[in-house]
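Each value in this text was obtained by applying a stated rule to the coordinates, not by laboratory testing. All values reported here derive from a predicted model rather than from experimental measurement. Here the Cβ positions follow ideal geometry from the backbone for every residue, glycine too, while neighbour counts run over all protein chains shown.
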Amino acid sequence: RTVVYEPDIATHPLHVRAARVLEDNWRGSSTVPSRGLYPHQWSWDSAFIAIGLRHLSPLRAQTELETLLDAQWGDGRIPHIVFNPSVPLDAYFPSPDFWRSSTAGRAAGAPRTVQTSGIVQPPVHALAAWLVHRADPGLSRSRSFLARVYPRLAAWHRYLLHRRDLGGGGLASVVHPWEQGMDNSPSWDLPLSRVTPAPARSFRRADLAHGAPEDRPTDLDYGRYVRLATDYRDAEYADGHGEFAVEDPSFNALLIASEHALARIARELGAPGTARHARAERLTTALVERLWDPAEGMFFCRDVRDGGLIRERGVSGLIPLLLPGLPRETAAALVRTASGPHFGLGSTTRLVPSYDLLGEAFDPHRYWRGPAWFNTSWLVERGLRTHGQHERADALREAALDIAGSSGFAEYVDPYTGEACGATGFSWTAALTLDLLH
Ligand code: 9WN
C-alpha cells in the first residue's frame, strides 16, 4: 500500500501556499480565477494575476497577458471572458452560446477561432504589462514582449476613449455591471431599476452550484444582467444604444493609471511618452470635474442616462487615490473618507469594505455590497503609498497578508471578521499576496 504524503498546507509559508494556488489554477496558457465557479479566463483577473505571477515566473506572467490579448476584437475591445473550449457549456453562465461572439460580434471584429464574451472589464492591462516587464526586462526584451503588446494596448485604450465616451465628457462608460467588475454594487441599483429583467425561466444560473445564494447577486439582479447583455448582443455589440451607461471612478482611474503605464512602455520602446502622460493628466482633471463630490470627500458614479451622480459610497469611489496627479486636497479627503465611519479603515475594519458600512444596502456577506476584496485593498494600498501615507499603507498590507492566509485565499471576506466568503483558492488573492510580499 502506498502512503501518500499530504503536507498540511497551513504550516507552509504564505508565499508557498500562494504559489500553489496559482499553480493549481494555471491551465497551460492562462489562469482561471478559481476552480469550480470561474472555469475560463477573465480579463481583469488576468491582469492582477500577471502582477503576482511575475514574481514566480515572468514568462508565465507575459503569457497570461498575451493569451488574453490574442482574443482582442478588431475594434480594440478586450473581452471580459475568454472561453476555454474544453469546459462543458453548462459549467458557467452565460456561456459562449449566449454571447455568440463569432457571429453577433463579427461587425465589431470578434476573433473567429476563440469564443469570448462581448463586454469588457476594467483596463488594468497596460499597468500589468509594465509591471511584468519590470520584473525581468532582459527576458521581456528578448521576447519583444512590450513591442508586441503595445499596439494592442493602445487600440484597447482607443476603443474605451472613443467608442465608450457615452457621456461626452472624456471619460469611458460601462454598459453593464459586469464590465465594472463589482457586479451587484449598490451603485447600480438606480440605473438597473429602469431595466426590465429577463424572465427567470429563460436562463439557468450555474453560479449557485458553487456559491451560497445569500453571498451571490439575487435572481432579480441576474434577470437584469441577462436583459442588458442580450440587448447588447442583439445590437451586434454596437456602442451607444443601451439603457445602462455609467461613468465609474474605479474603471476610469484604472484607465488613467494604465495610460501612464503606456507612456512608460512607449518610452522604453524609444518613442516619447509625453503625449500619453499629458492625456492621463487631462483625464484626471475630467475625473475630478465629473465625478468628485467635495462635500462628501468621495468620487461617485455618474448615471449617463439621467445625467446625475449616484450617491452610493462604494470602494470604487476611493480607488482614484491611485493617481499621482490627483489634487493634494482631493487625495487628503479620500484618505479621511477611507478611515472615517463609512469605511472604517484602521478602526472598525482592516481591509477596505466594498460598500459603505453605514449604507442602507450594506450586507457583510453579499458579494460587492459590503465584503472586502483583495484587489481593491491592493489598489488602495498602492494609492496610500503614492500619496505618502506609508503607515496606513503598511497596516493595510499587513491585514491583506494576514487575512489572505487565514481565509485560504478567499475570493472576498466579511469586512469585520475576515471570515471567508465565496470561493477559496482565488487566483488574484494569491497573486496580490505574492506582490505584497515582494
Ligand atoms: C461575472 C471572475 C469575476 C470577477 C468579477 C466578479 C465575478 C463574474 C460572476 O467574477 O464576476 O463577470 O460570474 O459573478 O464580480 O469582478 O472578474 O473572478
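When the chain is fully extended, how far beyond the present Cα-Cα distance does THR230 get from HIS438, taking 0.36 nm per residue of separation?
Value of the extension gain: 70.6 nm.
So what is the calculated 222 nm ellipticity per residue for the chain, using -39500 (n - 2.57) for each DSSP H run with n of 4 or more, over all residues, to the nearest 500 deg cm²/dmol?
-13000 deg cm²/dmol
What percentages make up the Cα-Cα pair-distance distribution of the chain when the bins are 10 Å wide from 0?
Computed distribution, short to long bins: 5, 22, 35, 28, 9, 1, 0, 0.
State log₁₀ I(q)/I(0) for region 258-366 at q = 0.11, 0.22 Å⁻¹ as given by the Debye formula over alpha-carbon point scatterers of equal weight, solvent excluded.
Treating every Cα as an identical point scatterer, log10 I(q)/I(0) equals -0.44, -1.14.
Based on the alpha-carbon gyration tensor of region 196-254 and its eigenvalue square roots a ≥ b ≥ c, which shape applies: rounded if a/c is under 1.5, prolate if not and a/b is larger than b/c, or oblate?
Verdict is oblate for region 196-254.
For ALA271 and VAL16, compute 0.36 nm times the residue count separating them, minus their Cα-Cα distance, and round to one decimal in nm.
My answer for the length gained is 87.8 nm.
Suppose every Lys and Arg Cβ carries +1 and every Asp and Glu Cβ carries -1, with no other charges. What dipole size does the chain come out with about its Cα centre, to the nearest 20 debye?
1300 debye
Which whole DSSP H helices in the chain pass both tests: a Cα extent of 27 Å or more along the axis and a mean Kyte-Doolittle value no lower than -1.0?
249-268
Grab the Cα-Cα distance for ARG158 and ASP394, subtract it from 0.36 nm times how many residues apart they are, and report the gain in nm with one decimal.
Answer, rounded to one decimal: 81.4 nm.
Once you put a point 7 Å from the Cα of ALA278 and another 7 Å from the Cα of GLU214, both along the Cβ direction, what distance in nm separates them?
Between ALA278 and GLU214, the label points sit 5.7 nm apart.
Whats the longest run of the chain with zero GluC sites (Glu not before Pro) that are DSSP loop and have at most 16 other Cβ atoms within 10 Å?
1-235
Quick one: which residues, 5+ away or cross-chain, put their amide H under 5 Å from the amide H of CYS301? H built at 1.01 Å from N.
It is ILE310, GLU312, by chain and number.
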